[in-house]
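**Q** Have a look at the structure that comes next, please.
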Amino acid sequence: MKPYIKSTIIISLFPFLLLGACKEFIDVPLPENQIQAMEVFENELTALSAVYGVYNTISQGNLHLARGGMSVYIGLTSDELAIASPNTTAEPFYENNLDAENTTVRNNFWNSSYRIIYHINAVIEGLENSKELTTEFKNPLIAEMKVIRAFYYFYLANIFGPAPLVIQTNYEANALQPNTSSVGEIYDLIVSDLLTSKDMLPKDRGEAEKMRPDRYVVSSLLARAYLYTEKWTEAATEATEVIESGKFLLEPDLDDVFIVESREAIWQIPSSDDFGQNIPEGGAFVPSSPTMVPRYVITETLLNGFAPGDLRRDSWLSFNTVDGTDFYFPYKYKVQSSSSPISERNTLLRLAEIYLIRSEALLRLDQIALSREDLNAIRERADLIPATTTDREELADLIEREKQLEFFAEWGHRWFDLKRLGKAGEVLGPLKPNWEPYKTLFPIPQDELEQNPNLIQNTGY
């Protein structure tokens with residue numbers, strides 16, 4: 001992996017783009033653009049700027065891992081999105097025909113993620129080594145950075161499998177970091193980072209609410225990590241902490257789920273306006289004209305999965321009719337280009353997922369009635385008839401289907417569920433001519449293998 005930053009820790013120190021959203025962020029003055037680590041962490045203001053620089057880096061770029069790439073490219077790899085017209089960048093994802101030379105995999109998923117992880121590690125080390133800053137000031141910021149690192153490693157593990165664990169800024173060691181021995185090793189770091197961070201973070205950030213991790217973001221990510229590692233009791237416990245906090249609610253109006261003021265959002269990150277759009281998904285999915293064929297459309301499989309009267313079909317899908325054909329596209333984020341003021345935010349976590357995590361965890365614990373109750377919270381919001389089944393397998397199928405319909409074209413949920421439930425081949429095999437079981441993981445970029453002899457390519461590539 002490339003040593004992006006060598007002997008001097010260089011940190012991007014732009015004030016985060018939260019004008020009109022959070023006074024705490026914009027009151028931080030602008031230091032010089034490149035500052036050595038010891039200077040950055042000599043006082044609270046510059047240390048805060050280093051932390052906010054991480055968010056600024058995340059908010060840059062288009063269709064990277066945390067900037068729409070999961071929703072678009074990972075959506076194409078599953079059974080929810082298709083390409084309506086020739087698209088050389090998207091076609092390998094839709095056809096599940098990636099190779100180690102794919103530049104989008106390298107740039108948008110691997111390189112951009114490890115660049116941010118390096119930035120996070122630099123901030124953590126700077127804070128830990130600072131003798132000028134108090135422990136009370138440093139610890140919440142260190143916790144915040146570890147939460148974001150855990151977030152990125154969750155996605156890297158589910159995209160690439162046993163990816164390298166980089167938790168330091170020693171570029172020589174990083175450049176030769178091998179693959180982890182297993183995905184379980186990455187989950188160990190994820191859970192460790194989250195548990196370490198939980199008690200250091202506030203439950204309420206005031207004006208910065210939902211834009212920086214708090215204790216409920218940690219519980220949400222822990223619930224997800226525990227679900228993926230089949231620790232059902234722990235997943236249900238963490239999910240319950242979020243649901244019963246009273247801080248969040250399922251928005252009754254589906255058009256309000258992704259807006260700035262959403263009461264369902266647990267964690268949002270504002271978008272940079274450098275790319276002329278509120279949210280990358282809006283720019284990617286919503287056509288700029290009602291007479292234009294969308295770049296990405298909903299598959300017939302997904303479209304036919306919505307029951308009559310499902311409000312999500314009405315609110316979260318739209319279509320353009322071109323030459324007599326209806327082209328349906330995702331319409332969760334509704335702003336195609338930039339607007340002032342910004343009305344939508346990149347929603348990383350929302351309450352609906354936590355209900356469905358707890359529903360699945362409770363089902364695995366044979367608490368059928370409670371599992372069904374959580375499932376029905378989502379179904380009733382969509383104006384569907386509540387589930388009444390007491391059959392364990394039927395309920396499991398309903399939870400899977402409900403998650404597919406609730407989270408289509410959103411953060412790769414469908415792709416990850418097909419893989420962890422062992423259904424990728426069953427579902428994708430008949431739909432994808434190039435499907436092979438090894439394609440549940442992406443290839444490690446070839447240039448990374450050439451630079452780091454300790455990396456091992458995923459099987460099949």
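**Q** Compute the relative contact order of the chain as a whole-number percentage, counting only Cα pairs closer than 8 Å that sit 6 or more residues apart in sequence. Could you put the intermediate results ahead of the total?
**A** On the way: 792 pairs, mean separation 88.7, N = 461.
This gives 19 percent for the chain.
**Q** Let me ask another. Eigenvalues of the Cα gyration tensor times 5, then square-rooted: what semi-axes does that give for the range 163-268, in whole angstrom, largest first? Write out the running numbers ahead of the final one.
**A** Values: eigenvalues 183, 59, 36 Å².
With the √(5λ) rule applied to the range 163-268, the semi-axes are 30, 17, 13 Å.
**Q** With only alpha-carbon atoms in the gyration tensor, what are the semi-axes of the equivalent ellipsoid for the range 186-345, in Å, largest first? List each step's numbers first, then the result.
**A** On the way: eigenvalues 227, 80, 44 Å².
After diagonalising the Cα gyration tensor, the semi-axes are 34, 20, 15 Å.
**Q** Let me ask something else. What spacing in nm lies between the two simple spin-label points modelled at D383 and D255, each 7 Å away from Cα in the Cβ direction?
**A** Those two pseudo-labels are separated by 1.3 nm.
**Q** Now a separate question. Per 10 Å bin from zero, what fraction in whole % of the C-alpha pairs of the range 34-122 is there, up to the bin with the longest pair?
**A** 15, 37, 23, 14, 9, 1
**Q** For the range 215-301, take N as its residue count and report Rg(C-alpha) divided by 2.2 N^0.38 Å.
**A** On the way: Rg = 17.3 Å, N = 87, 2.2 N^0.38 = 12.0 Å.
The range 215-301 yields a ratio of 1.44.
**Q** Now, a different point. Taking 8 Å as the Cα distance limit and 6 or more residues as the minimum spacing, I'd like the relative contact order of the range 380-461 as a percentage. Show your work: numbers first, answer last.
**A** Details: 36 pairs, mean separation 11.5, N = 82.
14 percent.
**Q** Could you tell me what a quarter of the Cα convex hull surface of the range 344-402 works out to, in nm² with one decimal place? Mind showing how you got there, number by number?
**A** On the way: hull surface 17.1 nm².
Over every viewing direction, the Cα hull of the range 344-402 projects on average to 4.3 nm².
**Q** When the Debye formula is applied to the Cα atoms of the range 74-130, each taken as the same point scatterer, what base-10 log of I(q)/I(0) results at q = 0.13, 0.14, 0.17 Å⁻¹?
**A** -0.49, -0.53, -0.65
**Q** Can you compute the charge dipole magnitude of the chain about its Cα centre, using +1 on each Lys and Arg Cβ and -1 on each Asp and Glu Cβ, nothing else charged? Give it in debye, rounded to the nearest 20.
**A** 380
**Q** Taking every pair of distinct Cα atoms and averaging 1/r, then inverting, what Kirkwood hydrodynamic radius in Å comes out for the range 94-201? Present the calculation step by step, with values, prior to reporting the outcome.
**A** Values: mean 1/r = 0.0668 Å⁻¹.
Computed over the range 94-201, the radius equals 15.0 Å.
**Q** Let me ask something additional. At each listed q (0.22, 0.23 Å⁻¹), what is the log10 of I(q)/I(0) that the Debye formula gives for the range 309-383 modelled as equal alpha-carbon point scatterers?
**A** -1.03, -1.06
**Q** How much length would be gained if the chain were fully extended between N43 and K203, taking 0.36 nm per residue of separation minus their Cα-Cα distance, in nm to one decimal?
**A** Result for the pair: 55.1 nm of gain on full extension.
**Q** Also, I was wondering about something else. In whole percent, what relative contact order does the range 60-101 give with Cα contacts below 8 Å and a gap of six or more residues?
**A** Details: 29 pairs, mean separation 11.9, N = 42.
Rounded, it is 28 percent for the range 60-101.
**Q** Work out which trypsin sites (Lys or Arg not before Pro) in the chain are exposed loop sites (DSSP not H, G, I, E or B, at most 13 other Cβ within 10 Å) and give the longest gap free of them. Don't skip to the end; give the middle numbers.
**A** Values: sites that count: K6, K131, K203, K423.
Result, exposed sites excluded: 204-422.
**Q** May I pose another question? Any chance you could run the full-extension gain for E136 through N454? It's 0.36 nm times the residue separation minus the Cα-Cα distance, nm to one decimal. Walk me through the intermediate numbers first.
**A** Values: separation 318, 0.36 × 318 = 114.48 nm, distance 3.94 nm.
Here the answer is 110.5 nm.
**Q** A further question follows. Given N residues in the chain, what is its alpha carbon radius of gyration divided by 2.2 N^0.38 Å? Please list the in-between numbers first.
**A** Numbers: Rg = 21.6 Å, N = 461, 2.2 N^0.38 = 22.6 Å.
With N residues counted in the chain, Rg over 2.2 N^0.38 Å equals 0.95.
**Q** Note down the nm distance, to one decimal, between modelled labels 7 Å out along Cα→Cβ at A369 and at E394.
**A** 1.8
**Q** Here is a follow-up. Can you give the FRET efficiency for L421 and D323, using 1/(1 + (r/R0)^6), R0 = 30 Å, r = Cβ-Cβ distance, to the nearest 0.05?
**A** On the way: r = 39 Å, r/R0 = 1.29.
My answer for the efficiency is 0.20.
**Q** Counting heavy atoms of the protein chains only and a 1.4 Å probe, report the per residue accessible area for the chain as a whole number of Å².
**A** Details: 18120 Å² over 461 residues.
Solvent-accessible surface per residue comes out at 39 Å².
**Q** Could you give the DSSP H helices of the chain that reach 30 angstrom or more along their long axis (alpha carbon positions) and whose average Kyte-Doolittle hydropathy is no lower than 0.0? Mind showing how you got there, number by number?
**A** On the way: long enough: 135-160 (36 Å, 0.43).
Those that pass (Cα extent of 30 Å or more, hydropathy at least 0.0) are 135-160.
The values are calculated or read from the model by the stated rules, or taken from the named source; none is laboratory data. Predicted model only: the values in this text are computed from it and were never measured. Cβ atoms come from the backbone with ideal geometry, glycine included; neighbour counts cover every protein chain shown. SASA here: full protein model, heavy atoms, side chains in, ligands and nucleic acids out. Shrake-Rupley method; radii C 1.70, N 1.55, O 1.52, S 1.80 Å.
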